[in-house]
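Working notes for the structure below.
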Amino acid sequence: MNGTPIKRVVIAGGGSAGWMTAAALSKFCGRAGISVTLVESEAIGTVGVGEATIPPIGKFNDHLGIKEDDFVRETQATYKLGIEFVGWGAAEERYFHPFGTYGFDLEGMDFHQYWQRGRDLGEDHSLDDYSLNALCAYGGKFLRPEADHGPVINKLAYAFHFDAGLYAAFLRRLAEARGVTRVEGRIEHVERDPESGLITALALDNTQRIEGDLFVDCTGFRAMLIEGEFEAGFEDWSHWLPVNRAVAVACRREGDPEPYTRSTARSAGWQWRIPLQHRTGNGHVYCDAHMSAEQAEEQLVTSLEGEALTSPNHLRFQTGHRKHFWEGNCVAIGLSSGFLEPLESTSLHLIQSGIAKLISLFPHHAEAAVEREEYNRLMRDDFEHIRDFLILHYKATRREGQPFWDYVRTMPVPGTLTQKMDLLRGSGRFFKYDAELFDLTSWLAVAEGQGWGPEAYNPVADALSENDLRQSLANMRRTLAKACGAMPTHQAFIDRYCKAPPAEWAR
């Protein structure tokens, strides 16, 4: 079997991870004569991760040949320009983490160095005044970048809020139309070759046997293959990211949907608010060492902005990742590979990243030691980079007097994060390592937004005269404000191009 070319890929589990994998493989593997089969059971629910996303999801859809307006309409989606954080610095403060960039670089140097110098000279404009995304988010504006819109409007970077269940169903239709075979059934037993230990087939509860050469574990937190069979192990990061529970409720949307996600700090965690076309998604992520499930649910339900449309759904999770994402002839993608809390909407991105790396390293044979080792290294780097950025939000808080926040504010953090924090706080210096996901804008937004930003600027920024600096900053503000003012409202754009039919309860 070790020398047999891989011609049959079997995906265990559906949901977002399973059908994203199936849709991608149906395009990139189908033409190579490789069959794709997905096994799932309607009796097993899915977690439905990822109602909010980050910009790379647009590239994923584009690579699959999905038209954006169709996708937005079919998934009841809205546009997302960033995340508003409420109460993360101090209790009543708020700030915006935008996609895209701040301002325009001057004299070959990062914009924020000149902004910091301007602040020292008495300029009192916030970073939001230099972010097209922040201006449009708070102004309720949106316009999709197009070739004829000019360089300023085309600075707008965006992602989506959407219904994860509808997205999985949308991708299922696409994948099946491209040749993916879906098999209904619950996995009862995993058959393995007695000599190599590789998986040979999945035995289902309806007597079917699904044979394969390469298996993708998309069974969620159960991790039936990667952990249940290969015992890949788990790298636990709960000491750095201690939230481990969540409760979610959908409610009726009040007013037009804002083009941004909101994250509000609570006494033992935080609460999300995600506006879709047909409803608003809400959830409370918390640490059960400091709050009970009943308390978390009460805090969430009493803060809803509209009538509840679903019953509270409670979830348990552990932050971290598998010590090996790929073992034998099994690759774990999605929740089976690990979990990082949804604070920065990275759940679907990690699925997307795992799929892209699998396609790039797709093996000739089941025993693929070189490809397996590289895949594990790359995925470990992805998780660690995102982990450090998430920890930054907790470590940089100035909240005091609540046990949860006192712990995260004072806890030791990874050395990789300490170095970045020291460089950024000193003179706003930032370096992106390898294929790190979050860039300077993201790190600066969180650090500055939580009152922990740069204390000085790079002295090279003094090369620009004070008069030229003030004029340049003023021109940037005017240019960005004008571009934002020329855009239609977020709701008007959706109504014109991609409005979804009303949901059942709306009818």
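The values are calculated or read from the model by the stated rules, or taken from the named source; none is laboratory data. Since this is a predicted model, take the numbers as computed values, not measurements. Positions of Cβ are backbone-derived with ideal geometry, glycine not excepted, and every protein chain shown enters the neighbour counts.
List of remarks:
- As for the range 105-116, it holds no residue that is in the same structural domain as PRO454 (by TED's automatic domain parsing), within 30 Å of GLN402 (Cβ to Cβ) and surrounded by fewer than 18 Cβ atoms within 10 Å (Cβ to Cβ).
- Residue ranges of helices (runs of 4 or more DSSP H) in the range 70-155 with at least 2 members of a type outside the set (A, V, I, L, M), in contact with a Cys (Cβ under 9 Å, 6 or more places away or on another chain) and more than 21 Å from GLY426 (Cβ to Cβ): 132-139
- In summary, VAL413 fulfils each of the numbered conditions (1) in contact (Cβ under 8 Å) with a residue 24 or more places away in the chain; (2) surrounded by 15 or more Cβ atoms within 10 Å (Cβ to Cβ); (3) not in a loop (DSSP other than H, G, I, E, B) with the single exception of condition (3).
- Pick from the range 187-202, criterion outside any loop (DSSP other than H, G, I, E, B) and in contact (Cβ under 8 Å) with a residue 60 or more places away in the chain, ranking: surrounded by the fewest Cβ atoms within 10 Å (Cβ to Cβ): THR200
- Only listed residue being assigned to a helix (DSSP H, G or I), surrounded by 13 or more Cβ atoms within 10 Å (Cβ to Cβ) and touching a strand residue (DSSP E or B) at 6+ places or on another chain (Cβ under 6 Å), chosen from TYR375, TYR407: TYR375
- Flag if VAL39 is in the same structural domain as ILE226 (by TED's automatic domain parsing) and either not in a strand (DSSP E or B) or not polar (S, T, N, Q) (or both): yes
- From the options LEU315, LEU335, LEU309, LEU276, residue that is more than 24 Å from the chain's Cα centre (by Cα) and in contact (Cβ under 8 Å) with a residue 60 or more places away in the chain: LEU309
- Search result, residues across the range 213-229 that are out of contact with any Asp or Glu (no Cβ under 6 Å at 6 or more places or on another chain), within 12 Å of ARG192 (Cβ to Cβ) and surrounded by 18 or more Cβ atoms within 10 Å (Cβ to Cβ): PHE215, GLU229
- Residue match in the range 437-454 (condition: touching a Ser or Thr at 6+ places or on another chain (Cβ under 8 Å), among the aromatic types (Phe, Trp, Tyr) and within 30 Å of LYS395 (Cβ to Cβ)): no
- Verdict on GLY338 being at pLDDT 95 or above and at positive phi: yes
- Of residues in the range 47-69 being among the acidic types (Asp, Glu) and in contact (Cβ under 8 Å) with a residue 40 or more places away in the chain, the one nearest to SER263 (Cα to Cα): GLU51
- Unique match (being under 30 Å from ILE153 (Cβ atoms) and either touching a Lys or Arg at 6+ places or on another chain (Cβ under 8 Å) or surrounded by 15 or more Cβ atoms within 10 Å (Cβ to Cβ) (or both)) among LYS499, LYS482: LYS499
- Applying the criterion of being surrounded by fewer than 20 Cβ atoms within 10 Å (Cβ to Cβ) and either of a type in the set (Asp, Glu) or touching a Phe, Trp or Tyr at 6+ places or on another chain (Cβ under 7 Å) (or both) to the residues of the range 240-256, the residue that is nearest to GLU307 (Cα to Cα) is GLU254.
- Every pair of residues 6+ apart whose Cβ atoms lie under 7 Å, when the first sits in the range 428-439 and is surrounded by 13 or more Cβ atoms within 10 Å (Cβ to Cβ) while the second is at pLDDT 90 or above and of a type in the set (A, V, I, L, M, F, W, C): ARG429/LEU423; PHE430/LEU423; PHE430/LEU424; PHE430/LEU440; PHE430/TRP443; LEU437/ILE386; PHE438/PHE389
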